[in-house]
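What follows is a single structure, written as structure tokens, with notes after it.
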Amino acid sequence: MSRPWLQRIASASLTFRRFTAHTAHTHRHPPSPRRRGVRTAVNVSALATAGVSTYLLGALYPHTVLTYVSPRIAPPPPDPDHPESKAYVARLEDELHNLPLLLKHRAQTDHDEWYETRPYLKLPEDRRVNNLTAGALRGPGKLALPPLVRARYDESECMILLHVGRGLCGHDGIVHGGLLATLLDESMGRTAILNLPDKIGVTANLNVNYKAPTRADQFIVLRVRLVEKAGRKTRVAGAVEDLDGNVLVEATSLFVQPRYSKLLASSGVREALGEAPAMRQPKRDPEEILPRPATAP
């Protein structure tokens, strides 16, 4: 049974809370116009500061998606003979040889199964100027450097490093898909042709699947492997990746050696592709490297 005095105390407490709440509501003074103006100014200032900060951070460190939607305006490719252009190419060349991916590949355990070459470097200038990738597309802002190829001596696999500039775009900031198909065609063609009997071949079929946009002004990696070799036909597969290993484009291709290939000189083709050195350094037994004890005369 409840106690009457407890009920009276609870009722009095509830009445007091209602009275104080009503009194506070009826006697609250509205803020003065001056105070309202100060509060509004503070809110506007805070919003403006947040907006400017967000804009500056977005401009300095834009999200990748934003660079696709609203790319930064880039200047046209510069004159390749200008001193600044030559200095830019020299910096890229130095950066290329210090890429962690390349350094790791050169130091891997089977490094003696691979050779390194730079296609088109030995191509005469009168032939280079009329070549698409070695001539028309060569230069700072485009294909600034000749490709660096690391290939197996048996020509079953290769890795190619390239720098693609802003002058190679379709949508501004994104490398043109047709150019990527061309780079894949030439890269896969190198492996395919060097596996044909007469080292002469043409593209019979090329299938390209685009996986992600390829940003301009970066180093890309082209990986090629031999799939099948049968008489006058070779099948190869290739991919374009960024330096983090993300696959951007995949492709497969069939190359065929023409029936009249013996009438064509293949030495220039092999030289342009940068084939393996004629004399391969043989593997040495570790015991042969160790110093031998001196013997008495």
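The values are calculated or read from the model by the stated rules, or taken from the named source; none is laboratory data. Note that the structure is a prediction, hence the values are computed from the model and not measured. Ideal geometry is used to build each Cβ from the backbone, glycine not excepted, and the neighbour counts take in all protein chains shown.
Annotations for the structure displayed:
- Residue list for the range 189-244, restricted to those being part of a strand (DSSP E or B) and among the polar types (S, T, N, Q): 203, 205, 207, 209, 218, 234
- Checklist (1) surrounded by fewer than 18 Cβ atoms within 10 Å (Cβ to Cβ); (2) out of contact with any His (no Cβ under 8 Å at 6 or more places or on another chain); (3) of a type in the set (S, T, N, Q) applied to residue 191, failing item: (1)
- Extreme residue, modelled with the highest pLDDT, among residues of the range 135-161 that are over 23 Å from residue 110 (Cα atoms) and assigned to a strand (DSSP E or B): 143
- Test: residue in the range 121-130 that is buried (at least 19 other Cβ atoms within 10 Å of the Cβ), over 20 Å from residue 218 (Cβ atoms), in contact (Cβ under 8 Å) with a residue 40 or more places away in the chain and touching a strand residue (DSSP E or B) at 6+ places or on another chain (Cβ under 9 Å): no
- Tally of residues being of a type in the set (A, V, I, L, M, F, W, C) and within 30 Å of residue 95 (Cβ to Cβ) across the range 200-225: 8
- The set of residues in the range 144-201 that are among the hydrophobic types (A, V, I, L, M, F, W, C) and farther than 17 Å from residue 236 by Cβ comprises 144, 145, 148, 161, 162, 164, 168, 169, 174, 175, 179.
- Of the criteria (1) within 13 Å of residue 257 (Cβ to Cβ); (2) surrounded by fewer than 14 Cβ atoms within 10 Å (Cβ to Cβ); (3) touching a residue at least 24 places away in the same chain (Cβ under 8 Å), which one residue 230 fails: (3)
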